[in-house]
1. Could you please state how large a percent of the accessible area of the protein assembly as shown is carbon and sulfur, counting protein chains only and using a 1.4 Å probe?
2. Hey, what do the phi angles of the range B:119-136 turn into as Karplus ³J(HN,Hα) couplings, whole Hz, using 6.51/-1.76/1.60 and θ = phi - 60°, x for Gly and Pro?
3. Taking N as the number of residues in the protein assembly as shown, what is its Cα Rg relative to 2.2 N^0.38 Å?
4. Label point 7 Å out from B:Glu202 along Cα-to-Cβ: which residues of the range B:316-353 have amide N under 19 Å?
5. Total accessible area buried between chains B and C, 1.4 Å probe, in Å² to the nearest 100?
6. Which trypsin sites (Lys or Arg not before Pro) does the range C:162-245 hold that lie in a coil by DSSP with at most 10 other beta carbons within 10 Å?
7. Any idea of the accessible area per residue across chain B, 1.4 Å probe, to the nearest Å²?
8. Report the accessible area of A:Cys63, computed with a 1.4 Å probe over the heavy atoms of all protein chains in place, in Å² rounded to the nearest 10.
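The values are calculated or read from the model by the stated rules, or taken from the named source; none is laboratory data. Computed from a predicted structure; not experimentally measured. Cβ placement follows ideal geometry from the backbone for every residue including glycine, while neighbour counts extend to all protein chains displayed. SASA here: full protein model, heavy atoms, side chains in, ligands and nucleic acids out. Shrake-Rupley method; radii C 1.70, N 1.55, O 1.52, S 1.80 Å.
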Amino acid sequence: MSETATPYGLIAEFATPADAMHAAEKVRDQGFKRWDVYSPYPVHGMDKAMGLKNSKVGWFTFCGGVTGYTLGMVMIWWMNAHDYAIPVGGKPMFSPFSAFPPSYELTILLGAFGALFGMLIVNRLPRLHHPLLKHARFKLASHDRFFIVIECADPSYRGDETRALLESAGGHNIELVEE
Amino acid sequence: MSAPKQPSQTPTLDLSRWRNVPNLMMGIGGAGALLGLIVNPTQFAHSWLLGFMFCLSLVMGALFLVIVHHLFDAGWSVPIRRFCEHIANLVFPWMVAFFVPIALFAPKLYSWMDIKDRAGHPALEAKYPLFTMGGFYLVSALCFAVWWWLAKGLRDASLEQDRTGAAECTHRMRRYAGGGIVLFAFTLTLAVILWMKGMMYEWFSTMYGVYYFAGSVWMTLGTVYLITMVLKRNGTLAAVLHEHQFYFIGSLMFAFTVFYAYIHFSQYFIIWNANVPEETFWYVLREQGTWWYVGMIIIFGHFFLPFLALLRIDLKLTFWWMTPICVWTWLMHYFDLSFNIMPTLHPDGFPLFWIWLDLACLALMVGLLTRAFLANFARHAPFPVKDPRLCEAMGLIAPCASPISGGEMDETDELADALPQTGAK
Amino acid sequence: MARASKTVNGVQLTAPPQELVREPLVANQRGLGWLSDAVAGISERPTPKWWWPAFLTSLGLMTVCFAMIAYLMSTGVGVWGLGHPVMWGWAIVNFVWWIGIGHAGTLISAILFLLRQRWRTAVNRAAEAMTIFAVMCAGIFPVIHVGRIWFAWWLFPIPNANSIWPQFRSPLMWDVFAVSTYFTVSLLFWYMGLIPDLAVMRDRAKTKLKKFAYGLFSLGWLGANRHWSNYEKAYLLLAGLSTPLVLSVHSIVSLDFSVSQLPGWHTTIFPPYFVAGAVFSGFGMVLTLLIPLRKMCGLEDVITMRHIELMCKVTLATGTIVGYAYGMEVFIAWYSGNPYEQFAFWNRAFGPYWWSYWIMLSCNVFIPQLFWFKKVRRNLAVVWVMSILVNVGMWFERFVIVVTSLNRDFLPANWGYYVPTWVDILTYVGTFGLFFTFFLLFLRFLPIVAIAEVKGVIPQADPHHPLGGAKPGAHH
């Protein structure tokens, strides 16, 4: 930890998903923007409790899929009907039927890349370092505990007031995490 | 899931204005069918077969949904099971009665019945004794008997559970479903081969039974969605329906949209690519004249359009969006059946002129079936009132001490935090 | 005993009778922390005694596989039993068999996810690992089957020395795309599922090396809900993409046969029939692997009898679908009146390879019918033996399709009897070494159950359930 440690955010611990969810609703209603709930598994209903919008990952998949299909069809037409036509078995040089299976596979391949990499891009991952990873109790976020972290950079962040909010929402072990 | 809520305070749907529609359909349809029978009996037979296969799709689709409900030990589909049981039970006496004209006009429909010298037709001779008059009627009767037995057995046990709430009824329905699915698969395949594929007895495809099944269940799901929606909005099932029924039926529709396309593409593609004349003639005929456009309608209307329309999660719960899609499944299934049945009679193209007769036969049958269905539906509880999985269907945690954590309820964000304590024992 | 009952929305609800209460997915009310300890503990504990002998045996067998391939490459395909008229032998049988096994992993991870079958969470990780390793084994065969392996790159859309492109009207080209896509997407899906669990391993790691390795591959995952939200969407999308993928892969494999004109190969039901058979054999393999594994790793509370029973039911269902397809094939051969079709099926059942046809029918259709009985489904020893028979049967199915359709062609001049050589046999046996080497490494270093996913399906994880902290009567 460096000499000039700047505060990153306020962390509060919760024992059950219900507690974390009710607390998240309180934080959401206070209009915070830069905050998050940390849990060992995706808690159903938490998106609503946090006021999150529908994920954007679908668009990456959609674009990947469309690219894949177009690429497949154009590639097969270009290779087998245009650049070097090979007559085989009395079949047309290009047919959407026989070109369908490989194009379909490319649709799925690029769609799947879109889903995984889209998720990573939207989540700003991979990330090799994070202030929370230094916090001793935070390791439990992958075990059986739930945490709410409100960043100091949030415009609504007001030191003691925010701490009181987390306390009243039922948070335990409220601490300031340093950058 | 970011689904918009259905406003629960929408005004209750008043259906009394529509009460006479089935009678009207029967009247107009009956008159039209009679006229068709007089002016062109052959066309009448084909139109009647089309209408019959359409209604059979619905009845068999409903039977299938009831059977898989038990096979999967599903929870969510309990509220919609009762009306599916009623639809499945229309097989007797109604579908049997509708089969009578087909039985009578069979020689007009099935060219093989006219062939006296079987030895000159090896493709027909091979099918002895299935493709003989005796074989045809015997197998048809056998199929109806199996379906009736299954549909009746499943509904009887279900109604008995309404009274007793006994677990034994659930077990009995499961036994019916277990044996039933095997019988269902074989009888439906046989029936479709005999009644539809047999119109061109020279042609063969191992996929054909699955193909009819896929289209039938797809259309049935559209119909089930509509019925569920109506029963929610007029208040009959409002107390037990949850958002997830609509979501799941919509998802199944989507799945069957893809499944049908997969099956039909596979059948077409394998025949197209192998290019064996014994098989290709069936599709060659269906690319003549306006049949080619019907084929295009099936590709785009039976697959692409519903595929795109059903892709989004939230739209599966939006009634104004789903209603036209459900009605669209009827239209597409009609075209699909026409594509299978009519080219033998009209090889030059889709018989646009005779559409009125198709519709008249269909209207007569659907009108009758609707009346019979409504009468049955009114006689019994609208949903299985003592089914042990009913609370799951309503999206509630089972009101018993042992915590459940099965794959039963997923939409937990819609659950009440706990059951209301009032009336708790 | 009176059952609890309440009235909701004017409907009287009664608790299900005891015999119909669903068994919990995780037995003994195990909690969130216990799941981490139980699963992560497997690879944290010292290497168990059985692991090294098993690993070394597998490694030895894998060496045999590569030695056989080296022998084949240096000598030529003549070392196999292939020849006129059976030009496709064990290599293609093994290819289809292995890739079929892979399909259960994708079915569990993708299709059961879409069908909301939450029991899948306990078995999907191991099944997906099985998929990846099975596809690796499968992929070897078509490549070495081309004969001159150094030209295998001609299969990719790269112009070869004469500037000729691959010929995309051939189903074998479709295979290249299908199998490579399948492998890649399965790997992506598997890895994405692993990310949160690698974070669990990272947070528990004691040594620097482990901290570094798990930390690197977990990509800095923190379990933030904003991340989970995107993650779940991506998971749903991958499941949605993998479902048509898994259907298409085996459909395309089936097109290798069915777009031809050969009796016994050319039949329209092949695509769905192959898919059902693939899922059938895959579940057989999952059962074969997991029944001993749950015992050895102490996971009886996670992979419960309910899971085993459900997998038996899937096996029964797919086996019966396969039975329908066999029935349809024979029926349509009769129905078509085509003498060549009829001969092909007569030859299968009563020709020189009659034994393979009857082994296939017994193992795939008749024996699985025992799964109708609960007593059988709950008897682990019987289920385990039957799961092996399933895979024996499915191997013979591919043998029947490939060999009996080829061994007696249209003209008796083209008749022959195919026998494999020792190289054929050892190559096949060697792929088991490859499979188990990877699988044992997976057991040792990665969480074999999807920890985060199983956590999500226990009542303690549900904020609306009393065990998840919900207060009675409270609404939010």
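1. On the way: 28230 of 41410 Å².
Here it works out to 68 percent.
2. Taking θ as phi minus 60°, the curve returns 4, x, 10, x, 5, 7, 4, 4, 8, 5, x, 5, 8, 10, 4, x, x, 4 Hz for the range B:119-136.
3. Details: Rg = 30.3 Å, N = 1080, 2.2 N^0.38 = 31.3 Å.
Scaled against compact globular proteins, the figure is 0.97.
4. The answer is B:340-349, whose backbone nitrogens lie closer than 19 Å to the label point.
5. Values: alone 19510 and 23080 Å², together 36320 Å².
Summing both chains' loss of accessible area gives about 6300 Å².
6. On the way: sites: C:Arg169, C:Arg202, C:Arg204, C:Lys206, C:Lys208, C:Lys210, C:Lys211, C:Arg226, C:Lys233; in loops: C:Arg169, C:Lys206.
Taking the range C:162-245 and a limit of 10 other Cβ atoms within 10 Å, the loop trypsin sites (Lys or Arg not before Pro) found are C:Lys206.
7. Numbers: 15980 Å² over 425 residues.
With the other protein chains kept in place, chain B gives 38 Å² per residue.
8. The accessible area comes out at roughly 70 Å².
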